[in-house]
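Everything on this sheet refers to the single structure shown next.
The values are calculated or read from the model by the stated rules, or taken from the named source; none is laboratory data. From a predicted model like this one, the values you see are computed outputs, not experimental measurements. Positions of Cβ are backbone-derived with ideal geometry, glycine not excepted, and every protein chain shown enters the neighbour counts. With ligands, DNA and RNA removed, areas are computed over all heavy atoms of the protein, side chains included. Shrake-Rupley method; radii C 1.70, N 1.55, O 1.52, S 1.80 Å.
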Amino acid sequence: MKRGFIRNIISVGCLLLSALLLCVPALADANAWLNTDIDGAVTEDTPVARPQDDFNLAMNRDYILNLVIPEGNTGTGGFNELNQIVNQMRLDAIRDETLTGHDAELVRRYYNMLLDWDTRDALGVEPAMPYVNQLRAIDSLEAMTEWFADKRRGGITAFLSEGEKGGNTGCLFAYSVSNSSDDPSARVLSITPIGLSLGDPAEYTKLSENGRVTKEAATAKWTALLHHLGFSEAETAKMIDNTFALEALLAAQQSDLEAKKNPANQAQYWNPTDLAGIVAMCGAFPAGEILKGWGMDHVNQYDVTEPAYMKALADIYTAENLELLRDWLTVRTTEQWANYLDKDTRDDVKAAYDGALGIRGTEGDELEAARIIFNDLGIPADNLYIAKYCTPELRDEIRDIIDAIIAEYHNMLAEETWLSEATREKAIEKLDNLAVRAVYPDNPDHWEDLEFAADSTLLEAALASWQYGRDMELSRVNVPVDRSEWNRFIMLTSESNAFYNPSDNSINILAGMLNGVIYQSDYSYEQKLGTIGVIIGHEISHAFDPMGAQYDKDGRFISWWIDEDKSAFDARAKKLVDYYDNLVLFDGIKYSGTRVQGEAIADMGGMKCALRVGAGVEGFDNKKFFEAYARLWAIKVVKSFELSRAQTNEHPLAYLRTNVTVMQFDEFYKTFDVKEGDGMYMAPEDRICVW
């Protein structure tokens with residue numbers, strides 16, 4: 001399933017992290033902390049640290065030293081390890097023959113097709129060739145428009161979405177179903193720029209180190225695949241050059257990552273219109289014809305997130321650029337197919353890509369099959385996970401923790417001295433109207449109508465699943481929003497994640513999160529509050545971070561702040577931004593406080609609330625609480641992954657999520673006897689906790 005695009009306003013809390021070798025906090029030079037995240041940073045020769053000087057290193061040195069990155073993975077420890085645990089649980093659910101029904105039959109048939117190497121090897125790349133030949137036969141803009149507007153080809157080109165969570169596209173723009181920013185009870189079709197191979201559009205102007213690695217990996221992957229599809233070395237090189245050239249034209253018309261993540265810019269991404277408005281906006285580019293072909297010309301309202309991009313497509317979609325367009329379409333469409341062809345093709349493409357990123361080995365065919373299934377058949381596979389692992393008892397316990405966190409957050413807001421009474425009342429009203437989705441849905445939807453033809457190849461089955469998922473998502477576009485509904489096109493229940501959605505003012509604590517380092521049933525209450533409790537508070541805090549604070553209790557994009565309070569809030573956030581802006585990574589790479597401010601604010605808000613809950617428990621042990629929190633972020637990852645996270649991800653680096661967060665709180669100073677002059681000391685007047 002290609003899951004729907006989450007606009008960048010949605011903060012995916014507690015996702016994987018990022019880091020590099022050494023980062024110097026904006027303290028005295030002697031207070032430099034070792035970045036323990038990167039593989040090889042911690043060795044036998046790494047000195048043991050005092051918790052007063054480097055809390056992360058003191059708590060996690062020995063644990064990190066003994067971590068070994070599994071074959072085929074980017075890292076381990078913390079959330080990486082959690083993902084590995086959940087991947088195995090997903091595989092076990094797929095293979096559990098006591099689970100019956102259409103979902104189980106569909107998923108297991110797909111699983112068997114993925115592992116049927118005799119059939120796959122006998123077919124080779126032939127399943128892909130009819131589509132490749134159709135793509136290469138496009139000899140005019142009219143033929144390309146016909147391709148783009150053909151709904152039957154939707155599964156073939158269901159790629160190129162903006163953002164991390166997938167989405168849908170059939171051409172030069174992506175689309176997804178989202179809530180209206182004016183009326184949260186209504187849905188709109190969001191029209192967005194497509195995603196780019198290098199991620200950030202800024203990479204096409206000035207290539208960063210992360211961009212260089214990403215480009216090398218993409219080039220290696222495409223070269224290997226195009227070779228197997230029969231293209232010569234010269235043809236391959238030209239097609240890849242043309243792909244990057246076309247993307248450079250598109251990138252020049254898009255907002256870069258820094259702009260998209262800047263809360264001050266969010267109003268510009270809400271541009272409601274109707275079909276006539278889109279047609280007029282796009283001029284010679286046939287957006288109206290394409291939307292009509294997809295059956296999306298009946299939508300009540302559209303949101304064009306970047307009108308300048310859509311207007312510019314008319315100048316890019318020209319006969320002069322036909323070769324660039326055709327090569328780009330061929331490369332970016334076929335790149336997703338290697339996992340559905342023969343073993344030699346799959347292995348060569350994977351080896352080329354992983355080798356460029358420094359990933360060693362492979363996770364194994366069974367785990368890879370499970371990963372593919374939860375992407376392509378996400379909702380049916382997710383239903384198996386729910387049936388196997390989710391219990392009312394688990395949900396009741398998590399709801400109890402959520403209730404305790406919300407109750408204390410209510411007190412926290414009521415006591416904020418820098419808020420006026422009017423704004424405080426609005427904040428509490430928003431908290432009281434929070435929609436809570438905990439662990440799993442009561443009535444999960446099913447894909448009863450999806451069947452694979454008896455003679456389907458694996459690639460044909462994949463295309464059918466992508467098309468079905470896309471149609472299912474689009475069928476919701478004119479349906480009123482139900483705030484109790486679990487939207488698994490955004491994120492599956494089994495994902496090891498949690499998130500706040502400002503467009504419906506909801507927190508979503510997913511079942512996959514409740515494993516590994518995050519949650520164990522035999523954890524002490526201190527450990528549970530230091531892990532899942534902080535995470536729940538983190539997600540609630542996103543309702544009051546610089547992005548989420550722009551939405552009201554119902555998810556409407558509208559200011560509910562008194563001007564003076566908003567100015568005070570912005571000043572507090574700027575203090576945090578300035579702190580992170582002063583962090584410098586290796587080779588002089590600057591950190592971005594603007595990009596990470598929302599997650600950093602949420603980390604601190606979540607910890608403050610959890611500590612307050614603990615303060616009300618007799619005999620609560622803060623030492624256990626802080627130790628459990630530190631273990632959340634103990635990781636070891638390959639350098640390319642860390643580089644990507646450091647330069648693109650909205651979450652602070654892993655070791656900073658430990659050290660910078662804990663040093664904001666008096667409880668930490670008292671528990672570990674931290675004093676002025678210690679590496680973990682930050683004077684009260686310099687602390688950056690917004691809430």
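For the range 650-691, the fraction of C-alpha pairs farther apart than 10 angstrom is 73 percent. Averaging Cα coordinates gives a centre for the range 493-544 and one for the range 389-422; these two points are 12 Å apart.
Would you please give the FRET efficiency between Glu216 and Asn300, computed as 1/(1 + (r/R0)^6) with r the Cβ-Cβ distance and R0 = 45 Å, to the nearest 0.05? Efficiency for this residue pair is about 0.50. Just the protein heavy atoms count here, and of the accessible area of the range 173-292 at 1.4 Å, carbon and sulfur take up 53 percent. Here the range 397-441 has an Rg and Dmax of 12.3, 38 Å, counting Cα atoms alone.
Between Val479 and Arg136, the distance separating the two model label sites (each 7 Å from Cα on the Cα→Cβ line) works out to 4.2 nm.
Comparing Cα centroids, the range 666-691 and the range 181-248 end up 44 angstrom apart. Taking 0.36 nm per residue of sequence separation and removing the Cα-Cα distance, the Glu235/Thr205 pair yields an extension gain of 8.2 nm. At the residue level, Tyr468 shows approximately 40 square angstrom of accessible surface with a 1.4 angstrom probe and all protein chains present. Within the range 404-435, the GluC sites (Glu not before Pro) that combine a DSSP coil assignment with at most 10 other C-beta atoms in a 10 angstrom radius are Glu415. Which GluC sites (Glu not before Pro) in the range 73-157 pass both tests, a DSSP loop state and at most 16 other beta-carbon atoms within 10 Å? In loop regions of the range 73-157 (DSSP not H, G, I, E or B), the sparsely surrounded GluC sites (Glu not before Pro) are Glu97.
Within the accessible area of the range 416-460, what % is carbon and sulfur when the probe is 1.4 Å and the other protein chains stay in place? Roughly 42 percent of what the probe reaches on the range 416-460 is carbon or sulfur.
What the Cα convex hull of the range 354-414 gives, in volume per residue, is 185 Å³. Can you give the log10 of the normalised intensity I(q)/I(0) at q = 0.18, 0.25 Å⁻¹, computed with Debye over equal Cα scatterers of the range 607-691? Summing over Cα pairs of the range 607-691 leads to -0.89, -1.29. Put a dot 7 Å past the Cα of Glu676, heading toward its Cβ, do the same for Gln88, and the two dots end up 5.0 nm apart. The fraction of all Cα pairs in the chain landing in successive 20 Å bins from 0 to the largest distance is 18, 53, 27, 2, given as whole percents. Taken per residue, the accessible surface of the range 553-612 reaches 38 Å², heavy atoms only and a 1.4 Å probe. Per residue, the solvent-accessible area of the range 389-429 (1.4 Å probe, heavy atoms of protein chains only, all protein chains present) comes to 49 Å².
Largest to smallest in accessible area, the residues Asp116, Asp686 fall in the order Asp686, Asp116 (1.4 Å probe, all protein chains included). Once the convex hull of all Cα atoms in the range 468-520 is built, its volume per residue stands at 84 Å³.
Note that the range 371-509 shows a convex hull volume over its alpha carbon atoms of 132 Å³ per residue. Average accessible surface for the range 287-383: 33 Å² per residue, computed with a 1.4 Å probe over protein heavy atoms with every protein chain in place.
Between Ala287, Phe668, Val534, the Cα set farthest toward the positive side of the dipole of the chain (charges on each charged residue's Cβ, about the Cα centre) is that of Ala287.
The GluC sites (Glu not before Pro) of the range 527-618 that DSSP puts in a loop, and whose beta carbon has at most 16 other beta carbons within 10 Å, are Glu618.
Note on Ser559: accessible area is roughly 90 Å² with a 1.4 Å probe, heavy atoms of protein only.
Normalised size of the range 198-273, defined as Cα radius of gyration per 2.2 N^0.38 Å with N residues, equals 1.40.
Here is how the number arises for the chain: DSSP H runs of 4 or more residues each give -39500 (n - 2.57), the sum is divided by the residue count, and the result at 222 nm is -15000 deg cm²/dmol.
Charging the Cβ of each Asp and Glu at -1 and of each Lys and Arg at +1, and nothing else, the dipole of the chain about its Cα centre rounds to 520 debye. Computing the accessible area with a 1.4 Å probe over protein heavy atoms, can you report the carbon and sulfur percentage for the range 496-621? Here it works out to 47 percent.
Report the calculated FRET efficiency for Leu65 and Asp116 (r = Cβ-Cβ distance, R0 = 45 Å), to the nearest 0.05. So, using R0 = 45 Å, E works out to roughly 0.60.
In this calculation the C-beta distance from Glu363 to Glu323 is compared with R0 = 41 Å, giving a FRET efficiency of 0.60. Legend: residues Leu123, Leu419, sorted from most to least accessible area (1.4 Å probe; ligands, DNA and RNA excluded), read Leu123, Leu419. Three principal axis extents of the range 292-451 based on alpha-carbon atoms, in descending order, are 62, 46, 41 Å. How far is the Cα center of the range 608-663 from the Cα center of the range 362-377, in Å? First find each Cα centre; the distance between them is then 30 Å. For His228, His538, His446, the ranking by accessible surface with the largest value first comes to His446, His228, His538, using a 1.4 Å probe. The three principal axes of the C-alpha atoms in the range 431-590 carry coordinate ranges of 63, 42, 41 Å, sorted with the longest axis first.
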